[in-house]
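Everything on this sheet refers to the single structure shown next.
The values are calculated or read from the model by the stated rules, or taken from the named source; none is laboratory data. Model, not experiment: these values are computed from the prediction. Here the Cβ is made from the backbone with ideal geometry for all residues, glycine too, and neighbour counts use every protein chain on show. Please note that ligands, DNA and RNA were not included when accessible areas were found on the heavy atoms of the full protein model with its side chains. Shrake-Rupley method; radii C 1.70, N 1.55, O 1.52, S 1.80 Å.
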Amino acid sequence: MIVVMKKDAQQEDLDRVVGRVEKAGLGVHLSEGVEHTIVGVVGDVRHIRPEDLQVLSGVSRVVRIMHPFKLASREFQAETSEIRLNGFSIGGTEIPVMAGPCAVEDRETLLETARGVSASGATVLRGGAFKPRTSPYSFQGLGEDGLKMMAEARDETGLLIVTEVLSPGDVELVSSYADILQIGARNMQNYSLLHEVGAADRPVLLKRGMMSSVEEWLMSAEYVLSGGNSRVILCERGIRTFEGYTRNTLDLSAVPLAKGLTHLPVVVDPSHGTGRSDLVESMSMAAVAAGADGLLVEVHPRPDQALSDGPQSLTLEAFSDMMQRLRSIASAVDRRMVGVGSS
Ligand code: PEP
Ligand code: MN
């Protein structure tokens, strides 16, 4: 059960609610967000009636939630969360596309990519400066220098930037450059990292772990939400199966499934989801048709020379063609590709 306090509730109102809950032998989890304070009632909620809390002063509403995730659930909030960014939003009728290289490699290649994807209608530039690589001998990213290059690309093109933060100690640094913090699949259950981004003043793109259920994914989102950060974007990026022809199996059924369970926007990453550039366009189309609220796509001007994930990266031309073709799919499901004009 969750008690949502009114915006203007006083400390004494909160104390009264907490006291009432504790008197019933139940625990309390407080989450103090910018918008309002939420009291999570922890324990066997049959010991308390929602009506007993609803009447207390300062209480806006009391919601019974059957799922283990509470703040993330559709019961808590019926309408999809629309995350407003500079000039567009994620979770509304528009479908924004985040595109760019797997890793920031050098200034010129990044700027070339940023200009190209921006011209094709992308609104966010993706690119890793801190890279989670399977091998310690692979390119690990440029670190803060890479973040500076991303910021320069934003200044020049107007694209927002999304980039991965790998460790809790880097959240402040990455937040000082990035518009959206990416939590990678390998870190979906890194609770100290989730805790840290829960306190950050940036939207969080939370990738689904490659061996995680939808419920585990939503529980990870719950960590960020309960830390006070309400701006969480979920990202389906494929899960491990027995299939060997693809890098991962893109679980597109997770899109409508998750959207039924949660009010959080869900975007799809067809690049890591397949590992193959020849499958990216069809999976992007299918993702939009399935109700995805956005796409995260790897693009490189010369994929054969990319330092990471070349085989799944689209060329600038292929990306541009795909963006045009996505328009009609989007309009068939009453959505609109942001920034993709006619040509
Ligand atoms: C990435 O987006 O560059 C990335 C490493 O993705 P994932 O965490 O999904 O593997
Ligand atoms: Mn990658």
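Those residues that are of a type outside the set (D, E) and away from ligand 1 (no atom under 11 Å from the Cβ), I need them from region 89-107; list them, please.
Matches in region 89-107: S89, I90, G91, G92, T93, I95, P96, V97, A99, R107.
Can you find even one residue in region 157-169 that is open to solvent by 40 Å² or more (accessible area, probe 1.4 Å), more than 28 Å from F88 (Cα to Cα) and aliphatic (A, V, I, L, M)?
The answer is no; no qualifying residue exists.
Out of K70, K7, which single residue is closer than 24 Å to E216 by Cβ and either among the polar types (S, T, N, Q) or assigned to a loop (DSSP other than H, G, I, E, B) (or both)?
K70
Only one of these conditions is not met by Q182: (1) of a type in the set (S, T, N, Q); (2) surrounded by fewer than 24 Cβ atoms within 10 Å (Cβ to Cβ); (3) not in a loop (DSSP other than H, G, I, E, B). Which number is it?
(2)
Go through region 120-139 and give me each residue that's farther than 21 Å from D293 by Cα and either in contact (Cβ under 8 Å) with a residue 24 or more places away in the chain or away from ligand 1 (no atom under 12 Å from the Cβ) (or both).
Residues satisfying the conditions are G128, A129, F130, K131, P132, R133, S135, P136, Y137, S138, F139.
Within region 271-285, which residues are open to solvent by 10 Å² or more (accessible area, probe 1.4 Å) and away from ligand 1 (no atom under 12 Å from the Cβ)?
Correct list: R276, S277, D278, L279, E281, S282, M283, M285.
Only residues in region 263-286 that are within 16 Å of ligand 2 (Cβ to nearest atom) and of a type in the set (D, E, K, R) count as the first member; pair them with residues that are assigned to a helix (DSSP H, G or I) and open to solvent by 10 Å² or more (accessible area, probe 1.4 Å), Cβ under 8 angstrom, at least 6 apart or cross-chain, and list the lot.
R276/P311
For region 185-197, how many residues are in a helix (DSSP H, G or I) and under 22 Å from R126 (Cβ atoms)?
7
Could you check region 305-343 and list, in sequence order, the residues that are crowded, with 17+ Cβ neighbours inside 10 Å and modelled with pLDDT under 95?
Answer for region 305-343, where residues must be crowded, with 17+ Cβ neighbours inside 10 Å and modelled with pLDDT under 95: V338, G339, V340.
Restricting the search to region 170-179, which residues are part of a helix (DSSP H, G or I), surrounded by fewer than 22 Cβ atoms within 10 Å (Cβ to Cβ) and either within 15 Å of ligand 1 (Cβ to nearest atom) or touching a residue at least 40 places away in the same chain (Cβ under 8 Å) (or both)?
D170
Do you know which of the residues in region 250-270 that are part of a helix (DSSP H, G or I) and more than 15 Å from F69 (Cβ to Cβ) is most open to solvent (accessible area, probe 1.4 Å)?
The qualifying residue most open to solvent (accessible area, probe 1.4 Å) is P256.
Just the residues that are under 12 Å from D309 (Cβ atoms) and in contact with a Pro (Cβ under 6 Å, 6 or more places away or on another chain), please, taken from region 117-146.
Matches in region 117-146: G127 only.
Which pairs do you get when a residue that is on the phi > 0 side of the Ramachandran plot, found in region 33-44, comes within reach of a residue that is modelled with pLDDT of 90 or more, reach meaning Cβ atoms under 8 angstrom, with the pair 6+ apart or on two chains?
G43/G25; G43/L26; G43/G27
Output the residues belonging to region 286-304 that are acidic (D, E) and open to solvent by less than 10 Å² (accessible area, probe 1.4 Å).
The answer is D293, E298.
Tell me which residues, restricted to region 245-262, are over 15 Å from the mean Cα position of the chain (by Cα) and away from ligand 2 (no atom under 16 Å from the Cβ).
Of everything in region 245-262, those that are over 15 Å from the mean Cα position of the chain (by Cα) and away from ligand 2 (no atom under 16 Å from the Cβ) turn out to be Y245, T249, D251, L252, S253, P256, L257, G260, L261.
Quick check on region 96-111. Is at least one of its residues more than 21 Å from L295 (Cβ to Cβ), at pLDDT 95 or above, away from ligand 2 (no atom under 14 Å from the Cβ) and outside any helix (DSSP H, G or I)?
Yes; the residues of region 96-111 include at least one that is more than 21 Å from L295 (Cβ to Cβ), at pLDDT 95 or above, away from ligand 2 (no atom under 14 Å from the Cβ) and outside any helix (DSSP H, G or I).
Say whether the condition of being outside any loop (DSSP other than H, G, I, E, B), touching a strand residue (DSSP E or B) at 6+ places or on another chain (Cβ under 8 Å) and of a type in the set (D, E) is met by at least one residue in region 76-94.
yes
Going by the conditions given, is G244 at positive phi, in the same structural domain as R133 (by TED's automatic domain parsing) and either open to solvent by 60 Å² or more (accessible area, probe 1.4 Å) or outside any helix (DSSP H, G or I) (or both)?
Judged against the criteria, G244 is not a match.
Collect the residues in region 206-225 that are open to solvent by 30 Å² or more (accessible area, probe 1.4 Å) and either part of a loop (DSSP other than H, G, I, E, B) or hydroxyl-bearing (S, T, Y) (or both), keeping them in residue-number order.
Matches in region 206-225: M211, S213, Y223.
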